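Written below as structure tokens is the structure these notes are about.
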Amino acid sequence: MLEGFADEILVGGRWRPGSGAVVETRSPATGEVLARLRGAGPADVDEAVRAGAAAAADPAWRDVPPHERARYLVRIADLIAERADDLAALQTADTGKSINETRALVASAQGTFRYFAGALETLEDALTPPRGPYLTMSVHEPIGVVGAITPWNSPIASDAQKIAPALAAGNAVVLKPAEWTPLVSLALGRLICDAGLPPGLLSVLAGPGRIVGDAIVRHPGVGKVSFTGGTSTGRTIGAAAAEKIMPVSLELGGKSPTIVFPDADREQALAGLLFGIFSSSGQSCIAGSRVFVHASIYDEVLDELVARAGKLRVGPGTDPATQVAPMVAHAHRDKVAAMVDRAVADGARLRCGGRIPEGGEYAEGAYYLPTILDGVPNGAAICQEEIFGPVLVALPFEDEEDLVAQANDTVYGLACGIWTADYRRAWRVARRIDAGTVWINTYKQFSISTPFGGFKESGLGREKGREGIRAYMRQKSLYWGLDENPLPWAT
Ligand code: NAD
């Protein structure tokens, strides 16, 4: 068990055990129990939402001008920087991720709070052109209480991506972290309390999605839900939001194509493909999980990819040399393994991996070897279903028409990577692919200033960017009469 981890969640400004079931979190590297805590239940959701609504309406928050609200965000960012090592180590313990990656995620969370502090100070509302003797204004106001529901793959970064803009917009936030990885979200909650945020503005309710998440979505006091997670959960949440006529943003799954043209810089493309699918052990919504290679170079690129995948360093997340860390949980690893086994049984050719690594150091952890498959058409289940593990499926293409048709033949539309030296072709293909983000001669790079979100079943709405704050606001129009005379109709 982790030392010093209190059995408490944050409910409307109070740290206390929840009224729901016990949440147990285990180390993906060793299987040992890291923490056990009493999670939230529906009564805690109700308390959190009521406290949030009161705190958001309190003049101590409601009337704070943007530049002062921004100072809270800067203080939170400063505390994240101060506690960066502990936060990264905690997230590595809970998610299994490599320490290099969790350090980067902590840095990203810090940057997110700083960015939205700056964006908040510089956001402007509009005077709109009037059509009579009046002045027209379009202003933005907070929604009130916002629900934030996050997945397990990058908890501190996805939590920050919702909490920072929602607080910047003047709301209260009820955060529901994933069952497998609540620890860093709770630590972030402590840190935000330490930053002096007025109590009640943030709740962190660890607990099961179907009970706690569902209660947040359906609570009449919650005015918006921002969700990141799987597409089927997103569909359920979207339907519940429709019942309430409530805005919802959905950041969902993907099956992103990466494309290699014959003129691509081969070294850059290979490094990008390996990073795109095998970093984070493939547990990334934007993982480049389908690679399309031009038929003329297919065999040589695949051979080289397989050779390099076999040399990736698989090991514990705590080792800075590790490239492929354990997966988040043994149950998830077993699901990924079953999908690969099924694909092979259905006729896919296993080019490398496809099994749990052997040896004592791997015995207890949720490890899985980097895996490459090919020999199946794009319609095969392994090419269509999100695997969320270190599994790449490779397909050849003949020409641009064939490529675009295959790449877009998926319900998803999250991301795409294009490797080519021809900037005209990159432009043409980038504009034809159904994806919210396209990387050209790079992959999996992010700027908080650049909006992010999916097409098709990969999501609804955008996070990040200056407009990211607006996603947590309501727009209101004001008309100010300037005429000295009564309106003519009644005279
Ligand atoms: P998930 O959908 O199972 O769970 C996500 C969150 O939703 C968890 O906190 C869970 O407890 C909660 N939840 C589950 N059922 C719920 C319900 N009925 N009502 C309300 N909340 C509920 O996803 P996961 O397995 O935690 O994460 C992996 C998925 O997330 C993948 O599909 C991945 O692509 C996606 N993801 C998307 C992005 C993106 O930005 N597009 C980023 C990261 C992960």
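The values are calculated or read from the model by the stated rules, or taken from the named source; none is laboratory data. All values derive from a computational prediction rather than experimental measurement. Methodologically, a virtual Cβ is constructed for each residue, glycine included, from the backbone with ideal geometry; neighbour enumeration extends over all protein chains shown.
Within segment 337-359, being touching a residue at least 24 places away in the same chain (Cβ under 8 Å) and part of a helix (DSSP H, G or I) holds for Ala337, Met339, Val340, Arg342, Ala343, Val344.
Here Val314 clears all of (1) within 27 Å of Leu90 (Cβ to Cβ); (2) touching a residue at least 60 places away in the same chain (Cβ under 8 Å) except the condition numbered (2). Which condition number does Leu37 fail, the rest of (1) closer than 30 Å to Ala363 by Cβ; (2) in contact with a strand residue (DSSP E or B) (Cβ under 8 Å, 6 or more places away or on another chain); (3) surrounded by fewer than 20 Cβ atoms within 10 Å (Cβ to Cβ) being met? The number of the failed condition is (3).
None of Ala53, Ala70 is more than 17 Å from Glu179 (Cα to Cα), out of contact with any Asp or Glu (no Cβ under 9 Å at 6 or more places or on another chain), of a type in the set (A, V, I, L, M) and surrounded by 15 or more Cβ atoms within 10 Å (Cβ to Cβ) except Ala53. Among the residues of segment 277-293, none qualifies, meaning not one is surrounded by fewer than 20 Cβ atoms within 10 Å (Cβ to Cβ), in contact (Cβ under 8 Å) with a residue 24 or more places away in the chain and out of contact with any Lys or Arg (no Cβ under 8 Å at 6 or more places or on another chain).
So, in segment 260-293, exactly how many residues are touching a Gly at 6+ places or on another chain (Cβ under 8 Å), assigned to a loop (DSSP other than H, G, I, E, B) and not hydroxyl-bearing (Ser, Thr, Tyr)?
From segment 260-293, those touching a Gly at 6+ places or on another chain (Cβ under 8 Å) are 272-273, 276-277, 281-283, 285-289; that's our starting set.
Within this subset, residues satisfying the condition of being assigned to a loop (DSSP other than H, G, I, E, B) are 283, 285-289.
Filter once more, keeping what is not hydroxyl-bearing (Ser, Thr, Tyr): 283, 285-288.
So the answer is 5.
Within segment 481-491, identify whether any single residue is closer than 22 Å to Leu252 by Cβ and in contact (Cβ under 8 Å) with a residue 40 or more places away in the chain, and answer yes or no. Among the residues of segment 481-491, not one is closer than 22 Å to Leu252 by Cβ and in contact (Cβ under 8 Å) with a residue 40 or more places away in the chain, which makes the answer no.
Just to confirm my filter: which helices (runs of 4 or more DSSP H) fall fully inside segment 373-491 and include at least 1 residues that are closer than 30 Å to Ala168 by Cα and of a type in the set (Lys, Arg)?
On the way: elements: 381-384, 400-408, 423-432, 467-470.
Helices (runs of 4 or more DSSP H) meeting the threshold: 467-470.
Looking at this structure, is Ala109 closer than 29 Å to Asp46 by Cβ, within 16 Å of the ligand (Cβ to nearest atom) and either part of a helix (DSSP H, G or I) or among the polar types (S, T, N, Q) (or both)? Considered against the rule, which asks whether it is closer than 29 Å to Asp46 by Cβ, within 16 Å of the ligand (Cβ to nearest atom) and either part of a helix (DSSP H, G or I) or among the polar types (S, T, N, Q) (or both), Ala109 comes out as yes.
Just checking, does segment 324-336 include any residue being part of a helix (DSSP H, G or I) and under 23 Å from Pro377 (Cα atoms)? Within segment 324-336, one or more residues are part of a helix (DSSP H, G or I) and under 23 Å from Pro377 (Cα atoms). Look at Gly276 and say whether it is within 16 Å of the ligand (Cβ to nearest atom), farther than 23 Å from Gly468 by Cβ, of a type in the set (Gly, Ala, Ser) and in the same structural domain as Val393 (by TED's automatic domain parsing). Answer is yes for this residue. Pull up segment 249-259, narrow it to residues that are part of a loop (DSSP other than H, G, I, E, B) and near the ligand (Cβ under 7 Å from one of its atoms), then point me to the one that is surrounded by the fewest Cβ atoms within 10 Å (Cβ to Cβ). Within segment 249-259, the match that is surrounded by the fewest Cβ atoms within 10 Å (Cβ to Cβ) is Gly253.
Quick grid of which residues meet (1) within 16 Å of the ligand (Cβ to nearest atom); (2) surrounded by fewer than 23 Cβ atoms within 10 Å (Cβ to Cβ); (3) free of Cβ contacts under 8 Å to residues at least 12 places away in the same chain; (4) not β-branched (Val, Ile, Thr):
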residue: Gly96; (1), (2), (3), (4): yes, no, no, yes
residue: Tyr115; (1), (2), (3), (4): no, no, no, yes
residue: Glu141; (1), (2), (3), (4): no, yes, no, yes
residue: Pro151; (1), (2), (3), (4): yes, no, no, yes
residue: Pro155; (1), (2), (3), (4): yes, no, no, yes
residue: Ser158; (1), (2), (3), (4): yes, no, no, yes
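On the stretch given as segment 7-50, residues that are acidic (Asp, Glu) and assigned to a strand (DSSP E or B) total 1. Quick one: would you say Gly147 is near the ligand (Cβ under 9 Å from one of its atoms) and within 30 Å of Thr122 (Cα to Cα)? When the stated conditions are applied, Gly147 passes them. Once segment 406-452 is narrowed to residues that are surrounded by fewer than 16 Cβ atoms within 10 Å (Cβ to Cβ) and polar (S, T, N, Q), the residue that is nearest to Phe388 (Cα to Cα) is Gln445.
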